[in-house]
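Scroll down for the structure; my scribbles are underneath it.
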Amino acid sequence: MATINEIAEELHKLNESIILIYALNSTGKTRLSVAYKDFTKANNDGKHAGVYFNAFSEDLFVWDNDEDNDNANLKLNVLPSSLSQFHSFLIEDDAMIREKLEPYYPKFDFKLNQHKNPEDGIESITFFVDKENQSPIKISRGEERIFVWCFFLALFEVDGWSDQQNAHILIDDPVSSLDDHNIFITTRSILELIKANYLKKQKMIISTHHIGLFSILATWLKSDDSKGGVGKLTKTIILKNKDGELSFKGTNSDVFLFHLHLLQTLQEAKSEQLYKYHMVLLRQVLENINSFIGSRKIGRILTDIGIEDVDRVADEINSLSHKQAYQYQFNEMSEGEETLFNDVFDKLMVTYNFDIK
């Protein structure tokens, strides 16, 4: 057990440069991001050592509903901060944000409104249905979260901020209020951010409460053991809070806790909506059970749970969850894929009798 400050110091001492942290909501992820910022500042003459995205980042964006004028001038205000000095780069080229938004297929357009004094940066953002319909609208909470995330993804590329405060990038829970489809796209954007920056930073730290995001990131990163790959640079951690006491352990020492979170996620998706990426998570479960019993191929588990034509099913699962196909996997499963998933998942649950309540 440890305090949040002790964990921040331990986090800083880790040899791995890419760190994935899974924790339930209210465990202390946001407090950990603040503690890590404070610790690294104290060791950098009181100056910011790295850059961050967390709840405080999202809090810089506040809606002005213009109630006095029947919502005629709805806008999302941007509160002044140390980042305001970098806003001019986004105003000059808002395509930086639009490129980040594009994979989400946004159903809105936007305009960045500058302060009268350009050095004060962006005063607010106005949203519209499209370029033809310029009446201000209020976008949904999920759309707002996507926009703010893409705003920061663009800021990470601005000269003078991330390249100057270059010790680390710390991202805490960028997926609140998002559905599975958009969570998967966000996961892709994080993967791309890691690939673009892991050689330039001492640390890339991602924390999340979302087991799907955590699992897909872990699968992709840990399996990249090619020459120059990131597998050996990656550490996965589970952060727990029991009666106010925190613990900080690598997932290898807690493999079945990881299984249960994965299985809970898959059970919920099975009863609601299955997407192609859920096959990635199913394969992760099979591989982790394999690791526990000392086997190297998922065919062993498929045989144990009573799957017929094991080689064919293993080949289908492997092809549907191959890392090169990730960009296509936020689509819904086909009928045949759902049948395959349900058959394997149901037999897995019956054979091992997992308690995921």
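Just so you know, all these numbers are worked out from the coordinates, no wet-lab data involved. Quantities reported herein were computed from a predicted structural model and do not represent experimental measurements. Backbone-built Cβ (ideal geometry, glycine too); neighbour counts: all protein chains shown.
Classify the range 256-352 as rounded, prolate or oblate from the Cα gyration tensor: take a ≥ b ≥ c as the square roots of its eigenvalues, call it rounded if a/c is under 1.5, otherwise prolate when a/b beats b/c and oblate if not.
In terms of gyration-tensor shape, rounded.
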- Task: Can you tell me how much longer the chain between Phe108 and Ser291 gets when fully stretched, taken as 0.36 nm per residue apart minus their C-alpha distance, in nm with one decimal?
- Result: 61.3 nm
- Query: Considering only the range 120-264, what is the antiparallel percent among its DSSP beta bridges, to the nearest 5?
  - Reply: 60
- Could you give the alpha-carbon Rg of the chain over 2.2 N^0.38 Å, rounded to two decimals? 1.07
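Scan the chain and hand back the longest stretch that contains none of the GluC sites (Glu not before Pro) lying in DSSP loops with at most 14 other Cβ atoms within 10 Å. Provide the component values of the computation, followed by the final result.
Numbers: sites that count: Glu132, Glu272, Glu308.
Free of exposed loop sites, the longest segment is 133-271.
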- Query: Along the Cα-to-Cβ line of Leu199, 7 Å from the Cα, sits a label point; which residues in the range 206-238 have backbone N less than 12 Å from it?
  - Reply: 228-230
- Task: Could you sort out which of Lys37/Lys297; Lys37/Lys270; Lys100/Lys276; Lys222/Lys270; Lys222/Lys276; Lys37/Lys240 sit more than 31 Å apart by Cα distance in this structure?
- Result: Lys37/Lys297; Lys37/Lys270
- Task: Return the loop-located trypsin sites (Lys or Arg not before Pro) in the range 1-53 (DSSP other than H, G, I, E, B) with at most 14 other Cβ atoms within 10 Å of their own Cβ; answer none if there are none.
- Result: Lys47
- Query: If each of Glu132 and Leu14 carries a label point 7 Å out from its Cα toward its Cβ, how far apart are those two points in nm?
  - Reply: 5.0
- Nearest 10 degrees, 0 to 90: helix 335-352 Cα axis against the chain principal axis: 60
- Item | Full-extension gain in nm, Ser81 to Lys232, via 0.36 nm per residue minus C-alpha separation | 50.7 nm
- Ordered by number, the trypsin sites (Lys or Arg not before Pro) in the range 198-248 that occupy a DSSP loop and have at most 14 other Cβ atoms within 10 Å are Lys200, Lys227
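What percent does the relative contact order of the range 1-47 come to when contacts are Cα pairs within less than 8 Å and at least six residues apart?
54
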- To the nearest 0.05, the calculated FRET efficiency linking Lys116 and Asp94 through their beta-carbon distance, R0 being 22 Å, is 0.70
- Message: Can you compute the FRET efficiency between Tyr352 and Lys242 using 1/(1 + (r/R0)^6), with r the Cβ-Cβ distance and R0 = 25 Å? Round to the nearest 0.05.
- Response: 0.45
- Share of antiparallel DSSP beta bridges in the chain, in percent to the nearest 5? 55
- Task: Could you tell me what fraction of 2.2 N^0.38 Å the Cα radius of gyration of the range 58-155 comes to, as a two-decimal ratio?
- Result: 1.02
